[in-house]
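J.: I have a structure here, written as structure tokens, and I will follow up with some questions on it.
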Amino acid sequence: MDLQEIRGKLDQIDRQFVELLEERLDLCGQVAADKIKTGKAVFDKEREQQKLASVRAMAGNEFNARAAEELFTQLMTISRLQYQIIEEHGKKIETGFTMVDSLKKDQIKVVYQGVEGAYSHAAAMQYFGDDVDAYHVKTWEDAMDDVESQLITYFMADNSKKAGTVSFDHDDVINRTGGNSVNEYVGRENVASDVILPLWEKELWPRGWVSSSTLEKLRTKELVKYSPIKQLTPEQGQLITEIIHNPDRNYVINGDAGTGKTVLLTHLVASILKERPEAKIGVVVQPNWEKTGENIFKIYGMNSRYLSVTTATKIITGNERYDVIIVDEAHKLSRKYGKQHPSFGQVYKIPGFEDCNSHLEILQKMGKQIILMYDVLQAIRPANITREMFQQLTAGYEKKFLHTQFRIQAPKGKSYTSDDYVNGIKYLLYKDTGLLASDLTNYNPDFNRDVFRDKSEDAYFGYFTGKPMHQLIDWIEEDRNFHAEHINRVLSGMFCCATADKWSSTHGKDPSITHFHEDGLNRRWNSTQENWINIGDEDAEDQIGSVFAVQGIDLNKVGVMIGPDIRVNEDGKLEAVPDNHNNTNNKFSVEEMTDPMNQFEFTLYILNQYYVLLTRGIDGIRLGFWDGNDSFRKYMEDTLDIGA
């Protein structure tokens, strides 16, 4: 058939469809009339689920099955026009609201729109009394957008395996904020605890409308952590606005571990797709986050044909041109160097890229606008782009810093904050490197050392002397007994010695091969680096995580084993020990290590690896010292003024 014949056929089908639709609505009216007589409920969830399953089974393939399910879901929604018929016959509709003579006035919280002293505030005080626990929001829109965005995010995470997509522009039911960011407002924490939490756990869960009984476990899922419709800080929101309005400028976004660089990335992609729908966007991520990134962008309706989410090697091999290239963890971009996977070096053979010395240099040729998420303290191997190369290639870029710490949460009621902990760890590891005095990282020397002195049971930080693996495992297991939803792990520096064997990529397939041995307790390294937290291995929670398995990952409670790959030298400074490091790709060659500069750089790589491990924990961290490593423990106690 030619185009005109096809269109004629479609018109004929549409006429038939409308006739059948009218016939179906008439039958639905008869169903409603029958329910009036019998007093049956209007909404029959079980019947609707059976009908959806039935129409799915009629379809010839998965795509058509999904289309049929979506279509009939809408048809059944329209069919509920029987409400109108029921109302006309005087039958009361159950709305969920109950008429009461008065409202409860004790042990409640009240939210009002406006400011203290406004009429709304006065009305709340007059009705509920001057002692009522009340807070205010600037506008109802802020609070409603916040509630909506949080619920959408939790719904997606709760039902991620079955979820469709959340469209930013075309879904009238689920997301009328259009992907708006949520402004900070007074009382936001109250909305989370007094609205979202009770709605989920006391209303949605008992009715069987959600799969998870609590929000705690959902909060650890990637779909929640990196949601492009969750709240932004004013700092993040302003930065996105600036980038959107300046497509001719390139940016370096500097941020410590846990400051929301990846969340900023997902929001930025959503904003560009909305404001510049024809822009071709390349998102460069690490291999262990590629599937997660694809899933997030797909679920939240950002699977545009103009969007590519992949690794640096793959996007370079594709050799296309982009309006915008956004790089997550730009500190891990590769440079020309022998000790790395051959595919990293093959890209320099592509015509036009032969003279380039790093993946960043190539990406700059491929993109009109470049945005780089960067943390100088997370470069962990010699093959990563050097600080000098990065600074030279980004000399004309706008440099921005993220300051808010999202991951690490100091316990409530403490005198210290999460920033105190991060600054203290930086001081511990880098005080003699010169990095803290540079403009490459945020650092505040006036951190509160109480975070390291706190000996209480709920202290964020602590350390064990004695058997490190036994004690760290006991500590995270005890927490898991009280918080089954927590994702807790023991992590380790990549050291090797008489009681810690070297790791090999082939070991992950054999659970009988263990690497850590401590008085009859044997554990193995992570069996995979990709999506390690979610693997289905029987011993998944018992495996010891390496820096390559957890970079960019949030955990609840973390135990970290400090090994003999780091020591205190004769000058009282930290230095790395190459012979006790078990990953050859993380080392310079023997010849290269004769250069004092490479010795210094190797020490930085090892310090950076421990920095990554020591900044994974949301709720707490404990250290253990393998084979005693008393020199590092004493160095830590002296440096942070911990005392005995």
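J.: Counting only the heavy atoms of the protein chains, how much of Trp475 is accessible to a 1.4 Å probe, in Å² to the nearest 10?
T.: 30 Å²
J.: In the chain, if the dipole is taken from +1 on Lys/Arg beta carbons and -1 on Asp/Glu beta carbons about the Cα centre, which of Ile642, Asn384, Thr465 is farthest to the positive end?
T.: So the residue we want is Asn384.
J.: Under the definition of Cα pairs under 8 Å and six or more residues apart, what whole-number percent is the relative contact order of the chain?
T.: 11 percent
J.: If DNA, RNA and ligands are ignored and the probe is 1.4 Å, what is the ranking of Glu148, Glu329 by accessible area, most exposed first?
T.: Accessible-area ranking of Glu148, Glu329, largest first: Glu148, Glu329.
J.: Solvent-accessible area of Cys496, probe 1.4 Å, all protein chains present, reported in Å² to the nearest ten, please.
T.: Spelled out: Cys496, probe radius 1.4 Å, area about 10 Å².
J.: Sticking with this structure for a sec: Which value, in Å² and to the nearest 10, is the accessible area of Ile350 when all protein chains are kept and the probe is 1.4 Å?
T.: 30 Å²
J.: Arranged from highest to lowest average of other beta-carbon atoms within 10 Å per residue, in what order do the peptides 304-311, 600-607 appear?
T.: Put in order of decreasing packing, that is 600-607, 304-311.
J.: If you don't mind, there's one more thing I want to ask. Can you pull the semi-axes for the range 406-476, root of five times each eigenvalue of the Cα gyration tensor, sorted largest first, whole Å?
T.: 25, 16, 10
J.: In addition: Using a 1.4 Å probe, what is the accessible area per residue for the chain, in Å²?
T.: Roughly 50 Å² per residue, with all protein chains present.
J.: A further question follows. At 20 °C and 1.002 mPa s, what whole-number value in µm²/s does Stokes-Einstein give for the translational diffusion of the chain, with Rh from the Kirkwood sum over Cα pairs?
T.: D, rounded to a whole number, is 76 µm²/s.
J.: So who's got an amide H within less than 5 Å of the one on Val309, skipping anything under 5 residues away but keeping other chains? H placed 1.01 Å off N, in plane.
T.: Placed amide hydrogens put Val283 under 5 Å from Val309.
J.: What list of ³J(HN,Hα) couplings, whole Hz, do you get for the range 496-511 from phi and the Karplus terms 6.51, -1.76, 1.60, once you set θ to phi - 60° and write x for glycine and proline?
T.: Using θ = phi - 60°, the values come out as 9, 6, 4, 10, 9, 7, 5, 8, 9, 4, 7, 5, x, 7, 10, x Hz.
J.: Could you put Met597, Met125 in order of accessible surface area, largest first, with the 1.4 Å probe and the full protein assembly present?
T.: Order by accessible area, largest first: Met597, Met125.
J.: Using only alpha carbon positions, build the gyration tensor of the range 265-387, then give the equivalent ellipsoid semi-axes as the square roots of 5 times its eigenvalues, largest first, whole angstrom.
T.: 24, 16, 13
J.: Quick one: pull the percent of accessible area on the range 431-545 belonging to carbon and sulfur, 1.4 Å probe, ligands and nucleic acids left out.
T.: 46 percent
J.: What ranking of Ser54, Ser492 comes out by heavy-atom accessible area, probe 1.4 Å, highest first?
T.: Ser54, Ser492
J.: Same structure, new question: Compute the whole-percent fraction of alpha carbon pairs in the range 413-544 spaced more than 20 Å apart.
T.: 60 percent
J.: Which far-off residues, 5 or more places away or on another chain, put their amide H under 5 Å from the one on His515, with H placed in the peptide plane?
T.: Those qualifying (amide H under 5 Å, at least 5 residues apart or on another chain) are Arg523, Arg524, Trp525.
J.: Mind putting a number on the dipole of the chain about its Cα centre? Charges go on the C-beta only, +1 for Lys and Arg and -1 for Asp and Glu, and I need it in Debye to the nearest 20.
T.: Here the size comes out at about 1000 debye.
J.: Lys104: which aspartates and glutamates have alpha carbons under 15 Å from its alpha carbon, excluding same-chain residues fewer than 8 sequence positions away?
T.: Asp130, Asp131, Asp133
J.: Additional query: Give, rounded to the nearest 20 debye, the magnitude of the charge dipole that the range 400-479 has about its Cα centre when Lys and Arg contribute +1 at Cβ and Asp and Glu contribute -1 at Cβ.
T.: That gives a dipole near 260 debye.
J.: Kirkwood Rh over Cα pairs of the range 513-644 into Stokes-Einstein at 37 °C, 0.692 mPa s: D in µm²/s?
T.: Result for D is 201 µm²/s.
J.: Further, regarding this structure: Output the relative contact order of the range 333-462, whole-number percent, from Cα pairs under 8 angstrom with separation of 6+ residues.
T.: 20 percent
The values are calculated or read from the model by the stated rules, or taken from the named source; none is laboratory data. A quick note: this is a predicted structure, and the numbers were derived from the prediction, not measured. Note: ideal-geometry Cβ built from the backbone for every residue, glycine included; neighbour counts use all protein chains shown. Surface accessibility is based on the protein's heavy atoms, side chains included, excluding ligands, DNA and RNA. Shrake-Rupley method; radii C 1.70, N 1.55, O 1.52, S 1.80 Å.
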